[in-house]
Amino acid sequence: MASTPLVLVFMGPAGTGKSTVAGMLAGRLGWDFQEGDDLHPAENVAKMASGHALNDDDRWPWLDRVADWIDGRIAAGRPGVITCSALKRSYRDVLRRDDVTFVLLMGDPAIVLERLLRRQGHYMPPSLLTSQFDTLEIPDADEQAIRIDLDLTPQQQVQEVVDRLQLTADAS
């Protein structure tokens, strides 16, 4: 990477461990953390909870909220970590900044489905996983992104991000 990222966006389909790994990394580095799902408008949450996939029109207001959080960290000079599925390049374009790096957690969809089936207390039903993988556009070489394999433990994933991006607790 050209420079130390000020904000990391953990991306990928539901159930890949974005919240777990992003939270662990933010805690390790002492960086601000935001669960991107918490920024969804209530209408989006209700739609997903009822088993309906979001469309682009549903996602734009949410992506604007995620971008506002990113801009807030950059303006304050504070490093941060946020989760956001960011499945399409057009969504990542809304979030893209010089100081943003995308971290794609990716692996076998069967592993992700197994995780979703065990997950409790989340509005995203496993029935929508296929639509997320169908929508996913893997970041292109011209996007500032790294891919982390789901075969690693969350601790190993955190270490892989730290090593590949050469992150330190005082990095900003």
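The table that follows gives values for the structure above.
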quantity	calculated
Hits in the stretch 1-10 - residues which are under 19 Å from Gln159 (Cβ atoms), modelled with pLDDT of 90 or more and touching a Pro at 6+ places or on another chain (Cβ under 9 Å)	Leu8
Residue check for Ser19: open to solvent by 10 Å² or more (accessible area, probe 1.4 Å) and closer than 23 Å to Thr153 by Cα	yes
Single unsatisfied condition, Ser90 versus (1) under 13 Å from the mean Cα position of the chain (by Cα); (2) at pLDDT 95 or above; (3) small (Gly, Ala, Ser)	(1)
Selection from the stretch 134-172 of residues that are touching a helix residue (DSSP H, G or I) at 6+ places or on another chain (Cβ under 9 Å) and in a strand (DSSP E or B)	Ala145, Ile146, Ile148, Asp149
Residue satisfying all of: in the stretch 138-172; touching a residue at least 40 places away in the same chain (Cβ under 8 Å) and over 26 Å from Ile74 (Cα atoms); least open to solvent (accessible area, probe 1.4 Å) among these	Leu150
Residue within the stretch 71-80 that is farther than 22 Å from Thr130 by Cα and in contact with a Phe, Trp or Tyr (Cβ under 6 Å, 6 or more places away or on another chain) present	yes
Qualifying strands (runs of 3 or more DSSP E) (wholly inside the stretch 22-115; at least 1 residues being without any contact (Cβ under 8 Å) to a residue 60 or more places away in the chain and open to solvent by 50 Å² or more (accessible area, probe 1.4 Å))	32-34
Among residues of the stretch 21-46, those that are of a type in the set (Val, Ile, Thr) and at pLDDT 95 or above, counted	1
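The values are calculated or read from the model by the stated rules, or taken from the named source; none is laboratory data. Model, not experiment: these values are computed from the prediction. Please note: Cβ atoms are built from the backbone with ideal geometry, for glycine as well, and neighbour counts cover all protein chains shown. The area values use the complete protein model at the heavy-atom level, side chains included, leaving out ligands, DNA and RNA. Shrake-Rupley method; radii C 1.70, N 1.55, O 1.52, S 1.80 Å.
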